[in-house]
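Novice: First the structure, which I've put down as structure tokens, then a few questions once you've had a look.
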């Protein structure tokens, strides 16, 4: 990319989760590099997955209404403090949209950065796809199914695809040839705690990241085997994706779900 660009980034939601934070980090870095940056945040995300594909409008409302009310209550980007740190003169800005930014709002953008298949569908005819960058955090069929459809969308994408790890690159190698790997950075807050962490210290609680049912079930099997040896072990399950916690209680009764 050349100097002094106008870059749009599309956040998947306004939840304080890893994907949203990566968008904020990228926006801040681009702004500090001197580019004009705008982050678009949907008030009503996930429509494509729950309604267009799964035909479950009531389930979509169950998850999107709390999100909408939270946006109205807070009236700010969930990681606004990271953009404020970029400095107002750098050009970092945010804009709430209903489900997607309009063609007029994107008119002056030189590049558009996406982080989801939903966004790929929304913006393929709204902004030149050759000027889009798709940051593939993980194959979304793990959560939403529709593997063949998502594979074809990624295969036919005419922009630039980046992946966050060599593992993801191997997983999509059958339809994306040699994607550039851009590793996810370590959170500054976690990095600051590195001197306070004793890897040999005793622990009684396990934090399981429940990304989808398949990986959650695999992790649960390991935890149950460990608890058979150490019954005093407690478990906290982190479900960052809306609607994904349905199998936790059955797999790990009594676990704390966050």
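Novice: Among the residues of segment 226-246 satisfying the criterion of being assigned to a loop (DSSP other than H, G, I, E, B) and closer than 29 Å to residue 137 by Cα, which is modelled with the highest pLDDT? Steps first, answer last, please.
Specialist: To start, the set of residues in segment 226-246 that are assigned to a loop (DSSP other than H, G, I, E, B) comprises 230-233, 239-244.
In the following step, the residues that additionally are closer than 29 Å to residue 137 by Cα were identified as 239-244.
Values: 239: 81, 240: 67, 241: 65, 242: 61, 243: 65, 244: 69.
If we take residues in segment 226-246 being assigned to a loop (DSSP other than H, G, I, E, B) and closer than 29 Å to residue 137 by Cα, then 239 is modelled with the highest pLDDT.
Novice: For residue 68, only one of the following conditions fails: (1) closer than 24 Å to residue 245 by Cα; (2) in contact with a helix residue (DSSP H, G or I) (Cβ under 7 Å, 6 or more places away or on another chain); (3) at pLDDT 95 or above. What is its number?
Specialist: Result: residue 68 fails condition (2) only.
Novice: Using the structure shown, decide if residue 107 is in a loop (DSSP other than H, G, I, E, B), within 25 Å of residue 5 (Cα to Cα), touching a strand residue (DSSP E or B) at 6+ places or on another chain (Cβ under 9 Å) and not assigned by TED's automatic domain parsing to the domain that holds residue 209. Before you say what the answer is, go through the steps one by one.
Specialist: Numbers: in a loop (DSSP other than H, G, I, E, B): yes; within 25 Å of residue 5 (Cα to Cα): yes; touching a strand residue (DSSP E or B) at 6+ places or on another chain (Cβ under 9 Å): no; not assigned by TED's automatic domain parsing to the domain that holds residue 209: yes.
Criteria not met by residue 107.
Novice: Then there's this: Return yes or no: is residue 32 surrounded by fewer than 17 Cβ atoms within 10 Å (Cβ to Cβ), closer than 30 Å to residue 166 by Cβ and in contact (Cβ under 8 Å) with a residue 24 or more places away in the chain? First the steps, then the outcome.
Specialist: Numbers: surrounded by fewer than 17 Cβ atoms within 10 Å (Cβ to Cβ): yes; closer than 30 Å to residue 166 by Cβ: yes; in contact (Cβ under 8 Å) with a residue 24 or more places away in the chain: yes.
Yes; evaluated as a whole, the condition is true for this residue.
Novice: Looking at residue 51 and the list (1) touching a helix residue (DSSP H, G or I) at 6+ places or on another chain (Cβ under 8 Å); (2) at pLDDT below 95; (3) surrounded by fewer than 17 Cβ atoms within 10 Å (Cβ to Cβ); (4) in a helix (DSSP H, G or I), which single condition is not satisfied?
Specialist: Condition (2) is where residue 51 drops out.
Novice: In segment 28-48, how many residues are part of a helix (DSSP H, G or I) and within 22 Å of residue 140 (Cβ to Cβ)? Reasoning before the result, please.
Specialist: Here is the first cut: in segment 28-48, the residues part of a helix (DSSP H, G or I) are 28-32, 47-48.
Still in the list and also within 22 Å of residue 140 (Cβ to Cβ): 47-48.
Within segment 28-48, residues that are part of a helix (DSSP H, G or I) and within 22 Å of residue 140 (Cβ to Cβ) number 2.
Novice: Could you list, in sequence order, all residues of segment 151-192 that are part of a helix (DSSP H, G or I) and within 20 Å of residue 216 (Cβ to Cβ)? Working first, answer last.
Specialist: Filtering segment 151-192 down to residues part of a helix (DSSP H, G or I) leaves 151-156, 166-171, 188-192.
Result: 167, 168, 171.
Novice: Here's another thing I want to ask about it. What single numbered condition from (1) crowded, with 21+ Cβ neighbours inside 10 Å; (2) free of Cβ contacts under 8 Å to residues at least 40 places away in the same chain; (3) at positive phi fails to hold for residue 60?
Specialist: Status for residue 60: all satisfied but (3).
Novice: Sticking with this structure for a sec: Filter segment 204-217 for residues that are modelled with pLDDT under 75 and more than 19 Å from the chain's Cα centre (by Cα) and give the result.
Specialist: Within segment 204-217, 204 is the sole residue that qualifies.
Novice: Restricting attention to segment 188-203, does a residue exist that is under 21 Å from the mean Cα position of the chain (by Cα) and surrounded by 11 or more Cβ atoms within 10 Å (Cβ to Cβ)?
Specialist: If we filter segment 188-203 for residues that are under 21 Å from the mean Cα position of the chain (by Cα), which is where we start, we get 188-191.
Pick out the ones that are also surrounded by 11 or more Cβ atoms within 10 Å (Cβ to Cβ) and you get none.
Within segment 188-203 (the criterion being under 21 Å from the mean Cα position of the chain (by Cα) and surrounded by 11 or more Cβ atoms within 10 Å (Cβ to Cβ)), the answer is no, since none of the residues qualifies.
Novice: If a residue must be assigned to a helix (DSSP H, G or I) and out of contact with any helix residue (DSSP H, G or I) (no Cβ under 7 Å at 6 or more places or on another chain), how many such residues does segment 110-141 contain?
Specialist: Going residue by residue through segment 110-141, those that are assigned to a helix (DSSP H, G or I) are 117-123, 129-131, 141.
Those still in the list that are out of contact with any helix residue (DSSP H, G or I) (no Cβ under 7 Å at 6 or more places or on another chain) too: 119, 122-123, 129-131.
Residues in segment 110-141 being assigned to a helix (DSSP H, G or I) and out of contact with any helix residue (DSSP H, G or I) (no Cβ under 7 Å at 6 or more places or on another chain): 6 in total.
The values are calculated or read from the model by the stated rules, or taken from the named source; none is laboratory data. Note that the structure is a prediction, hence the values are computed from the model and not measured. Positions of Cβ are backbone-derived with ideal geometry, glycine not excepted, and every protein chain shown enters the neighbour counts.
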